[in-house]
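These notes concern the structure reproduced below.
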Amino acid sequence: MKEKRFLVINGPNLGLLGKREPEVYGNLTLEQIQDYTNEKLKFLGKISIDWFQSDIEGEIISKIGKSIDEDYNALIINPAGYSHTSVAILDALKMLPFPVIEVHLSNTHRREEYRQQKLTAKASTSIIEGLGKDAYYIAIYSQLLK
């Protein structure tokens, strides 16, 4: 079986998970969520997951752009606050030749009104939100079922 490759991009303030609003985002750090996701998926065969986090919009756009020439099966992205504001990330996502799964740890529809509008979702194949630490696992697993 050929190795399945996934790129996971996390946007601003997700490096502060575990400290930032634990009542909304939980107590786990991003590193702990990565470890949890990797552990849950390891029994499913040859899977490679490249994790990336940046608070800087341009770095996220550059990472997306570079992924076009990589052999990824899908991009999992939590654009965080950029979901609601970044036309530039939206444009970069539209160029990808593979599925884009947007994830959010919280249910944004139960939060402030501005969080309910997601520009980046217009380029997403699907959106998974409100599942906390399981969002990444489910996003990747959904692509393995195809």
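None of the figures in this text is laboratory data; all of them are computed from the coordinates on show. Nothing here was measured: the structure is a model prediction, and the numbers come from that model. Cβ coordinates were reconstructed from backbone atoms using ideal geometry, including for glycine residues, and neighbour counts include every protein chain displayed.
The residue 23 and residue 116 beta-carbon pair, evaluated with R₀ = 22 Å, returns a calculated FRET efficiency of approximately 0.70.
Put a plus charge on the Cβ of each Lys and Arg, a minus charge on the Cβ of each Asp and Glu, and nothing anywhere else: the dipole of segment 1-134 about its Cα centre is then about 300 debye. The mean sequence distance of close C-alpha pairs (under 8 Å, at least 6 residues apart), as a share of the length of the chain, puts its relative contact order at 28 percent.
With the charge dipole of the chain set up from +1 on Lys and Arg Cβ and -1 on Asp and Glu Cβ about the Cα centre, the Cα lying farthest toward the positive end among the listed residues 13, 79, 43 is that of 43. The residues 52, 6, when put in order of fewest to most other Cβ atoms within 10 Å, stand as 52, 6.
Taking other C-beta atoms within 10 Å as the exposure proxy, 8, 87 rank 87, 8 from fewest upward. Close amide H partners of residue 47, meaning residues 5 or more places away or on another chain with modelled amide H under 5 Å apart, are 4.
Labels on offer are [x] 44, 32, 24; [y] 50, 49, 27; [z] 50, 41, 30, and the one holding Cα extents along the principal axes in Å computed from this structure is [x]. Computed from label points 7 Å out along Cα-Cβ, the spacing between residue 55 and residue 145 is 3.7 nm. By the beta-carbon count within 10 Å of each Cβ, the least crowded to most crowded order of 77, 47, 9, fewest first, is 47, 9, 77.
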